[in-house]
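Working notes for the structure below.
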Amino acid sequence: MVRFVDAETRVVVQGITGKQGRFHTKLMLEYGTKIVAGVTPGKGGDSVEGVPVYDTVAEALDRHRIDASIIFVPAPYAPDAVYEALDAGLDPIVVITEGIPIRDTMEFVARARKSDITIIGPNTPGVIKVGECKLGIMPARVFTRGKVGIISRSGTLTYEIADHISRIGLGESTCVGLGGDPITGLDFIDALRWFEEDPQTDAVVLIGEIGGDAEERAAEFIAEGGFTKPAVAYIAGRTAIPGKRMGHAGAIIQGERGTARSKIEALESAEVPVAEKPSDVARILKGLLS
Amino acid sequence: MRLLEWEAKEIFRDYGIPIPNGRITSDPMEAREIAEEIGGPVVVKAQIPVGGRGKAGGVRFAETAEEAYEVAKTLIGGEVRGVKVERVLVEEKMDIQRELYLGVVIDRGSRSYTVLATSEGGMEIEEVAARTPEKIIRMTIDPVEGFRVHHARWMVKQIGLIGRDLLRGSDILLRLYRIAVEMDAELTEINPLALTSRGLIAVDARLNIDDNALFRHQTLLERFGESELLDLTEREREARKLGLTYVELDGDIGIIGNGAGLTMATLDTVQLYGGKPANFLDLGGGAPADRVEMAVSFLLADPRVRAIFINILGGITRCDEVARGIIAAREKTGVEKPMVVRMIGTQEEEGRRLLEEAGIHCLDSMEEAAERVVSLLGR
């Protein structure tokens, strides 16, 4: 079962003393996220923004009740941080780190799924329950509380589209970044199942991009009745050329597979409208919800 | 990182997978020597990082050493599928009785390695999948459990190997899986795996390494680092040296964005309004002024670029830093090109003020900005 966050979620920040960890701990605290501890091996006893720092997750758990983890540890060391969080039973685990080798991700994601623990990412902006808990690096100002859920493979594009949804007066419930890597802990289907059950979400936006077939599989899932609320999609990379990675490790067309066209056609045949431009998403949603 | 055939074969040899006798060369004279050493018919294969070589004339047979010299001379320095051939692999010609295929690929859907085998070797696996999908034997490997000997035996049995070949074939498949795991392969293939009078031999080899894992394969970079650049255009190589995430396209509107998804969406939107992007350039998150300056200067220096569209959604990226970078690039290069900037988010007011002072107008909406940049070029 997929688990996200809410006002009650208590968080440890792994890699809290690094530049990114420090900066985003401050912003998450400002948002109201309950960060109770931080971990950096060798920095136990320090504090960051008033949050006590421990050498290990186990020590942090001895002193605090903790539910979830967010990881800012550099790529070569990030997998071990994930295993530490898995061993502690933390759920969800948000992996912000970019550049983790695919094989490492494959292994820790397999471990997590066996233990029924949700991994968000890697290479994700994180997850936000608007107005309650921000477990990630997204700019708070683009979100306003509302009824639209967002599932996305891209960070800034999510902010772009969320900004329009906020401005048009709809607002967002929970937004989750799946991550820009070829393999991630969650895919669209996992998240759609969660949003189907979420009473605070009336509609969902899927933000996809070239590479892989997660959007096509999501379309199939929707067509088969797995997700029944209104959905709108946007797919980036219509102009991408095959064989070239477009920024994200996962954004690459290999052979005939993973093109924007194939994703758009699959979604449209599942009766999910696909916006041509990012700003069209909010307009289409408004039409569907009124 | 996509290894060339000869590089992949060296790795295969390190791992004990049988490959034909032969060597790499950039000199036709040496090609003759290699053929003499081999002492029989040879095959001369262009080493280029694209598929479909054979059909495009990049793989030629030679009966004698003299013929090998002639063939190497035509191949080296020429082009195959639009790529310049710098080196050829000269190998003994195998007496092939049957062609099989073995491969290990990352399957994004199941989040695991998938091992593939088929009796229909010698053509692209995608082609087999399209024509006779029932002939592809596949096994999804649990990343925690791994791939076991009996799995490998079962698979090669399915593609028709028996007796000693079954044992040899499963041994090769296990070694291939080990290469995938230990070398962080995104894909590794033996196609064809040839059944010859000398047993099973990997006649062609593919090995693509996950770029994110290169930090733990330093020796690989030292051995084969150059060929990684063969995939890239000259501008892409320059950009790589500067540490920019850049992909060259064939239009005339230079694009800079922050975040891969937003940058891709920017290209798409420009195209939607009838413009042609000259490139993809993603600043990533939190770019400071000097990085922005470098990116803008890079596009200013590109003669194909007739106008530049910069699209920034500031989160951890600060708009004032972006503005300083843009202004510095214009001042230092002294190059004037029409520029459209769309910038919202963190430190937006300060960023806009800086740009307005420098005479650059800032827009709120990326669609509006895309339309503007296209109209500047009179389309």
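Can you list the GluC sites (Glu not before Pro) in the stretch B:286-379 that are in a DSSP coil and have 10 or fewer other beta carbons within 10 angstrom?
Details: sites: B:Glu293, B:Glu321, B:Glu331, B:Glu336, B:Glu348, B:Glu349, B:Glu350, B:Glu356, B:Glu357, B:Glu367, B:Glu368, B:Glu371; in loops: B:Glu336.
Filter output for the stretch B:286-379: B:Glu336.
Does the stretch B:233-376 classify as rounded, prolate or oblate by the C-alpha gyration tensor (a ≥ b ≥ c root eigenvalues; a/c under 1.5 gives rounded; else a/b over b/c gives prolate, otherwise oblate)? Since a/c stays below 1.5, the shape of the stretch B:233-376 is classed as rounded. Among DSSP beta bridges lying fully in the stretch A:138-289, give the percent that are antiparallel, nearest 5. If we restrict to bridges inside the stretch A:138-289, about 5 percent are antiparallel.
Short-range pairs are left out: with C-alpha atoms under 8 Å and at least six residues apart, the relative contact order of the stretch A:1-143 is 26 percent. For the stretch B:316-379, the gyration tensor built on C-alpha atoms gives an oblate shape. Its axis ratio a/c (a ≥ b ≥ c) is at least 1.5, and a/b is not larger than b/c. The modelled label-to-label distance for the pair A:Arg65/B:Glu126, using points 7 Å beyond Cα in the direction of Cβ, is 5.4 nm.
Determine which lysines satisfy two conditions relative to B:Lys332: a Cα distance under 29 Å, and not lying fewer than 8 residues away in the same chain. Straight-distance partners of B:Lys332: B:Lys241, B:Lys276. With both residues required to sit in chain A, DSSP beta bridges show an antiparallel share near 25%. Toward the positive end of the charge dipole of chain B, with +1 on the Cβ of Lys and Arg and -1 on the Cβ of Asp and Glu, the farthest Cα among B:Ile24, B:Ile162, B:Leu174 is that of B:Ile162. Working from Cα positions, state the angle (0 to 90°, nearest 10) between the long axis of helix B:149-158 and the longest principal axis of chain B. Tilt relative to chain B: about 80 degrees.
Straight-line reach from B:Lys84: taking Cα to Cα under 16 Å and skipping same-chain neighbours fewer than 8 places apart, the aspartates and glutamates in range are B:Glu5, B:Asp27, B:Glu226, B:Glu228, B:Asp231, B:Glu234.
Under the rule a/c < 1.5 gives rounded, and otherwise a/b versus b/c splits prolate from oblate, where does the stretch A:138-289 land using the Cα gyration tensor? Mind dumping the intermediate values first?
Details: a/c = 1.63, a/b = 1.37, b/c = 1.19.
Prolate.
Summarising the strand pairing of the stretch A:10-120, around 10 percent of its internal DSSP beta bridges are antiparallel. With the simple model of a label 7 Å out from the Cα in the direction of the Cβ, B:Ser26 to B:Thr114 spans 3.9 nm.
For B:342-353, what's the mean count of beta carbons from other chains sitting within 10 Å of each residue's beta carbon?
If you average over the peptide's residues, the count of other-chain Cβ atoms is 1.
Using the crude model of +1 on Lys and Arg Cβ and -1 on Asp and Glu Cβ, and no other charge, please compute the dipole size for chain B relative to its Cα centre, in debye to 20. Please list the in-between numbers first.
Details: 49 positive and 64 negative charges, 148 e Å.
Charge dipole of chain B: 720 debye, to the nearest 20.
Given the -39500 (n - 2.57) contribution per DSSP H run of 4+ residues, what per-residue ellipticity at 222 nm results for chain B, rounded to the nearest 500 deg cm²/dmol?
That calculation yields -11500 deg cm²/dmol at 222 nm.
Could you pull out the pairs from A:Lys129/A:Lys244; B:Lys73/B:Lys93; B:Lys9/B:Lys157; A:Lys26/B:Lys337 whose alpha carbons sit more than 30 Å apart here?
On the way: A:Lys129/A:Lys244 34 Å; B:Lys73/B:Lys93 19 Å; B:Lys9/B:Lys157 25 Å; A:Lys26/B:Lys337 40 Å.
Over 30 Å Cα-Cα: A:Lys129/A:Lys244; A:Lys26/B:Lys337.
Think of the stretch A:10-120 as a dipole: +1 on every Lys or Arg Cβ, -1 on every Asp or Glu Cβ, centred on the Cα centre; then among A:Thr56, A:Gln14, A:Tyr83, A:Gln14 lies furthest on the positive end.
Considering helices alone, the calculated mean residue ellipticity of chain A at 222 nm is -10000 deg cm²/dmol, with DSSP H runs of length four and up weighted by -39500 (n - 2.57) and normalised per residue. Between B:Thr233, B:Thr132, B:Thr114, the Gaussian network model of chain B with springs among Cα atoms under 10 angstrom shows the greatest mean-square fluctuation at B:Thr132. Basic side chains Lys and Arg get +1 at the Cβ, acidic Asp and Glu get -1 at the Cβ, and with that the dipole of chain A about its Cα centre reaches some 700 debye.
For the residues B:Ala35, B:Ala129, B:Ala62, a GNM of chain B with alpha-carbon springs under 10 Å puts the largest fluctuation on B:Ala129.
For A:Lys286, the aspartates and glutamates whose Cα comes closer than 13 Å to its Cα, not counting residues fewer than 8 places off in the same chain, are A:Glu172, A:Asp202.
Give me B:Asp320, B:Asp171 sorted ascending by neighbouring Cβ count inside 10 Å, so fewest comes first. Intermediate values should be presented prior to the final figure.
Numbers: B:Asp320 20, B:Asp171 17.
Listing B:Asp320, B:Asp171 from fewest to most nearby Cβ atoms yields B:Asp171, B:Asp320.
Averaged over the residues of A:154-165, the number of partner chain Cβ atoms lying within 10 Å of the residue Cβ comes to 6.
Computed over chain A, relative contact order equals 14 percent, with contacts defined as Cα pairs under 8 Å that lie 6+ residues apart. If you run the Gaussian network model on chain B, springs between alpha carbon atoms under 10 Å, then out of B:Val80, B:Val104, B:Val149 the most flexible one is B:Val149.
Read-outs: derived from the displayed coordinates by stated rules, not from any lab. Note that the coordinates shown come from a computational prediction; the quantities given were computed from them, not determined experimentally. So basically every Cβ, Gly included, is an ideal-geometry build from the backbone, and we count neighbours across all protein chains shown.
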